[in-house]
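As structure tokens, the structure follows; a few thoughts come after it.
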Amino acid sequence: MGRAFVYVILGGGVAAGYAALEFTKRGISHGELCIISEEPVAPYERPALSKGFLLPEAPACLPSFHTCVGANEERLTPKWYKEHGIELVLGTRVKSVDVRRKTILTGSGETITYRTLIIATGARALKLEEFGVKGSDSENVCYLRNLVDANRLVDLVQSCPGGNAVVIGGGYIGMECAASLVINRMNVTMVFPEEHCMARLFTPKIASYYEEFYKSKGVNFVKGTILSSFEIDPDGKVTAVNLRDGSSLPADMVVVGIGIRPNTSLFEGQLTLEKGGIKVNGKMQSSNGSVYAVGDVAAFPVKLFGDSRRLEHVDSARKTARHAVAAIMEPNKAVEFDYLPFFYSRVFTLSWQFYGDNIGDVVHYGDFSGGTFGAYWVSNGHLVGSFLEGGTKEEYEAIAKATRLKPAIEDVAELERQGLGFALTA
Ligand code: FAD
Ligand code: NDP
């Protein structure tokens, strides 16, 4: 038993939703496109899970954040897919893919064939066990990657009002969850190995601003160490987190955000991999001409910096998806993807955006005592990266535009003096 489609999207996350919208904009016939997803719901804006979904009052819930609301586009509800003749195969894990035969085998035993495949399998959360710590399956330990995880997190918060929450990891999940937990009146401690939060992007000065802000909201920081084990009671519940520095933190719940791994396993040995993901060209096409990859799982050429990158952010998921569909539907008009890396976060009343690359020398500018501030990165005499906290729409657009231009910077001190004004007049 099997079905045949012209186009199949494997994975039903952010990239899948934006690809579906692009297919309909460019005109596909009913019955041509199928999306297969392990998740039981239609594609949604994953960023909502660590933000609006965790609010104690009037939390965001589906269907309000189905794609593509995050980019001010149509909201693609299950009804929308039906009306557009797009087959949603939900709650279905793909077990294997044969790219030579163009066949997909699902967990329910169905074989689905395609003419063109888009891989949009995203990534999975890294588990503590991969770092030699046991206890991930304890009932009060949670990760945050999908709706099931987010529902568990909310249930846990409600099960121990005002209790002690330990957040493991000082990256995106750690920062956004810690803020949401504090808003839920939990007593929050963040633990991470680096000297400061968001170590891969923030400078010590930027990190210090956010850490002080978090402290003012009641978050405790335990830096430069990692957990070594959990204290687990006879019911299987974690009661404390033991740290490598010998100390111990009481815990009513634990949230773990220690990074991700792209879901490439179905294609290992079949497609060329790079940077932990599936290597694609400027048209998002993999080493097999009938297979494209988009979103977190794709390693694509970033023209601006002359190298290949795998980006784990929603803007690149949306744009790689749309670009792949454009290249599939109109191959003769297809141009090379030309992407400016863009990351952002929103926590409490704060909001920052970053564009480009964070290498080279850094200059900071603005008001670090609670106003608008930012930083520029200068490498080989050119502006390559820009960060801004608390900007207006126009100011964010200005730093994006200035970064894309990669202007020559002869005098870094002058750049520092001009601050945001440099981007506004670039
Ligand atoms: P995903 O959205 O992860 O979708 C992958 C899909 O593939 C899932 O539905 C999965 O179930 C499915 N799948 C995987 N394997 C199989 C299989 N074998 N069979 C069937 N289905 C399969 N980025 C930002 O830029 N800003 C933010 O504020 C932000 N917030 C975030 C908050 C959270 C809680 C998380 C987890 C991520 C956040 N991100 C954010 C990152 C952003 O959500 C991702 O970059 C984006 O979701 C990637 O899209 P994707 O389609 O590649 O993967
Ligand atoms: P990140 O890679 O952002 O951060 C992981 C953090 O955990 C790092 O600080 C890392 O340190 C630390 N870490 C690694 N191992 C351990 C350990 N054993 N014990 C304690 N800390 C450890 O990943 P996240 O899990 O925070 O986020 C998952 C994904 O979700 C990412 O793709 C991210 O882009 C995405 N996301 C994006 C958001 C946004 O863009 N606003 C919001 C939420 C999620 P080190 O650097 O030393 O490895």
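The values are calculated or read from the model by the stated rules, or taken from the named source; none is laboratory data. No experiment lies behind these values; they were computed from the predicted model shown. For neighbour counting, all protein chains shown are included, and Cβ atoms are generated from backbone atoms with ideal geometry for every residue, glycine included.
Of note:
- Residue, nearest to the chain's Cα centre (by Cα), within region 94-109, restricted to residues that are assigned to a loop (DSSP other than H, G, I, E, B) and surrounded by 15 or more Cβ atoms within 10 Å (Cβ to Cβ): Val99
- Residue within region 137-155 that is surrounded by fewer than 14 Cβ atoms within 10 Å (Cβ to Cβ), more than 16 Å from ligand 1 (Cβ to nearest atom), over 17 Å from the mean Cα position of the chain (by Cα) and closer than 23 Å to Arg261 by Cα present: yes
- The residue that is farthest from Tyr7 (Cα to Cα), counting only those in region 98-124 that are touching a helix residue (DSSP H, G or I) at 6+ places or on another chain (Cβ under 8 Å) and within 16 Å of ligand 1 (Cβ to nearest atom), is Ala123.
- Subset tally (residues that are under 21 Å from Ser37 (Cβ atoms) and either away from ligand 2 (no atom under 16 Å from the Cβ) or hydrophobic (A, V, I, L, M, F, W, C) (or both)) for region 122-141: 2
- Listed by first and then second residue, the pairs with beta-carbon distance under 8 Å, at least 6 apart or on different chains, first residue in region 2-17 and more than 6 Å from ligand 1 (Cβ to nearest atom), second aromatic (Phe, Trp, Tyr), are Ala4/Tyr114; Phe5/Tyr114; Val6/Tyr114; Tyr7/Phe23; Tyr7/Tyr114; Val8/Tyr114; Gly17/Tyr44.
- So Lys333, is it touching a Leu at 6+ places or on another chain (Cβ under 9 Å), among the charged types (D, E, K, R) and more than 26 Å from Leu49 (Cα to Cα): no
- Scan region 348-364 for residues that are surrounded by 14 or more Cβ atoms within 10 Å (Cβ to Cβ) and not in a loop (DSSP other than H, G, I, E, B) and the total you get is 10.
- Scope region 382-403; condition in a helix (DSSP H, G or I), surrounded by 17 or more Cβ atoms within 10 Å (Cβ to Cβ) and not hydrophobic (A, V, I, L, M, F, W, C); matching residues: Glu395, Tyr396, Thr403
- Subset of region 214-226 that is within 22 Å of Asn184 (Cβ to Cβ) and hydrophobic (A, V, I, L, M, F, W, C) - its residue that is surrounded by the most Cβ atoms within 10 Å (Cβ to Cβ): Val219
- One residue stands out among those in region 311-347 that are of a type in the set (Val, Ile, Thr) and assigned to a helix (DSSP H, G or I): the one that is farthest from ligand 2 (Cβ to nearest atom), which is Ile328.
- Filter result (surrounded by fewer than 19 Cβ atoms within 10 Å (Cβ to Cβ) and among the hydrophobic types (A, V, I, L, M, F, W, C)) within region 404-414: Leu405, Ala408, Val412, Ala413
- Some residue of region 207-223 being within 12 Å of ligand 2 (Cβ to nearest atom) and more than 22 Å from Gly246 (Cβ to Cβ): yes
- Considering (1) surrounded by fewer than 19 Cβ atoms within 10 Å (Cβ to Cβ); (2) under 24 Å from Gln353 (Cβ atoms), the lone condition that Gly276 does not fulfil carries the number (2).
- Scanning region 158-167 for any residue that is modelled with pLDDT of 95 or more, within 14 Å of ligand 2 (Cβ to nearest atom) and either surrounded by fewer than 22 Cβ atoms within 10 Å (Cβ to Cβ) or more than 19 Å from the chain's Cα centre (by Cα) (or both) turns up at least one such residue.
- Checked against the criterion of being away from ligand 2 (no atom under 13 Å from the Cβ), within 23 Å of the chain's Cα centre (by Cα), within 27 Å of Met284 (Cα to Cα) and in contact (Cβ under 8 Å) with a residue 24 or more places away in the chain, the candidates Ile119, Ile112, Ile183 yield just one match: Ile119.
- For region 236-258, a tally of residues being under 23 Å from Ser159 (Cβ atoms), touching a residue at least 24 places away in the same chain (Cβ under 8 Å) and either in a strand (DSSP E or B) or among the acidic types (Asp, Glu) (or both) returns 9.
- Region 320-340, subset free of Cβ contacts under 8 Å to residues at least 60 places away in the same chain and touching a Phe, Trp or Tyr at 6+ places or on another chain (Cβ under 7 Å), residue farthest from Ile183 (Cα to Cα): Phe337
- Each residue in region 409-423 was checked for being within 32 Å of the chain's Cα centre (by Cα), of a type outside the set (A, V, I, L, M, F, W, C) and over 14 Å from Thr372 (Cβ atoms), and 1 pass.
- Among the candidates Glu330, Glu231, residue that is away from ligand 1 (no atom under 16 Å from the Cβ) and farther than 30 Å from Asp155 by Cβ: Glu330
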